[in-house]
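Read the structure below first, then the notes.
The values are calculated or read from the model by the stated rules, or taken from the named source; none is laboratory data. The shown structure was predicted, so the numbers you read here are calculated from the model rather than taken from an experiment. Methodologically, a virtual Cβ is constructed for each residue, glycine included, from the backbone with ideal geometry; neighbour enumeration extends over all protein chains shown. Side chains included, ligands, DNA and RNA excluded: accessible areas come from the protein's heavy atoms. Shrake-Rupley method; radii C 1.70, N 1.55, O 1.52, S 1.80 Å.
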Amino acid sequence: MSIAQCKRCSKLFFKIKSPYCAACIDEIEERFKIIQNYMQDHPGAEIKKIVEDTGVEESILLYLLREDRLSLIKSSGLNCQNCGNTITSGRYCNSCKMRLTNDLTQMGNKISQEVKAERQQSMKKERLLNDSGIHIRRD
């Protein structure tokens with residue numbers, strides 16, 4: 001847990017995950033409910049229209065889209081943070097998600113193999129240390 005400055009109100013708070021303090025998170029939840037109600041009556045509305053009609057700040061709407069709590073029917077203004085392709089929600093497009101997942105899996109496998117090799121090396125050293133007594137040599 002680290003201390004951070006709220007992205008919305010600039011207060012200092014203990015950051016766990018969100019870039020917003022608890023008070024702003026509560027307010028964002030209220031805005032989310034407003035957007036939800038609006039979307040029930042206006043499915044497929046675009047970002048600018050939602051912002052105009054609800055009064056919810058565009059930054060909050062984009063935050064909710066990035067957090068996958070909302071999704072656009074067609075992409076308009078939301079881009080993959082890795083490759084820049086347009087997306088309808090979240091932070092990454094499907095191909096970047098797959099690439100990142102594969103990279104993380106490969107890295108995890110590599111680390112697992114390295115840990116296993118280190119463990120085996122450590123066991124060899126331990127056996128050598130345990131066998132370091134005097135022995136009768138038979139030639």
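Here's the yes/no breakdown for (1) outside any helix (DSSP H, G or I); (2) among the aliphatic types (A, V, I, L, M):
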{"position": "Y20", "(1), (2)": "yes, no"}
{"position": "A23", "(1), (2)": "no, yes"}
{"position": "E27", "(1), (2)": "no, no"}
{"position": "I35", "(1), (2)": "no, yes"}
{"position": "E52", "(1), (2)": "no, no"}
{"position": "S59", "(1), (2)": "no, no"}
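Filter segment 83-109 down to the residues that are of a type in the set (S, T, Y) and part of a loop (DSSP other than H, G, I, E, B), then identify the one that is least open to solvent (accessible area, probe 1.4 Å).
Residue satisfying both the conditions and the ranking: S89.
Quickly run through segment 104-127 and pick out the residues that are of a type in the set (S, T, Y) and either at pLDDT below 90 or touching a Gly at 6+ places or on another chain (Cβ under 8 Å) (or both).
Let us first name the residues in segment 104-127 that are of a type in the set (S, T, Y), namely 105, 112, 122.
Answer for segment 104-127, where residues must be of a type in the set (S, T, Y) and either at pLDDT below 90 or touching a Gly at 6+ places or on another chain (Cβ under 8 Å) (or both): just S122.
Filtering segment 1-38 down to residues that are under 18 Å from S71 (Cα atoms) and open to solvent by less than 50 Å² (accessible area, probe 1.4 Å), which residue is farthest from the chain's Cα centre (by Cα)?
Result: Y38.
In segment 24-71, what residues are aromatic (F, W, Y) and farther than 17 Å from G90 by Cβ?
If the condition is that a residue be aromatic (F, W, Y) and farther than 17 Å from G90 by Cβ, then Y38 is the only one that fits.
So, E52, is that one surrounded by 13 or more Cβ atoms within 10 Å (Cβ to Cβ) and charged (D, E, K, R) or not?
no
Return the residues of segment 60-82 that are touching a Cys at 6+ places or on another chain (Cβ under 8 Å) and open to solvent by less than 60 Å² (accessible area, probe 1.4 Å); say none if nothing qualifies.
If the condition is that a residue be touching a Cys at 6+ places or on another chain (Cβ under 8 Å) and open to solvent by less than 60 Å² (accessible area, probe 1.4 Å), then C80 is the only one that fits.
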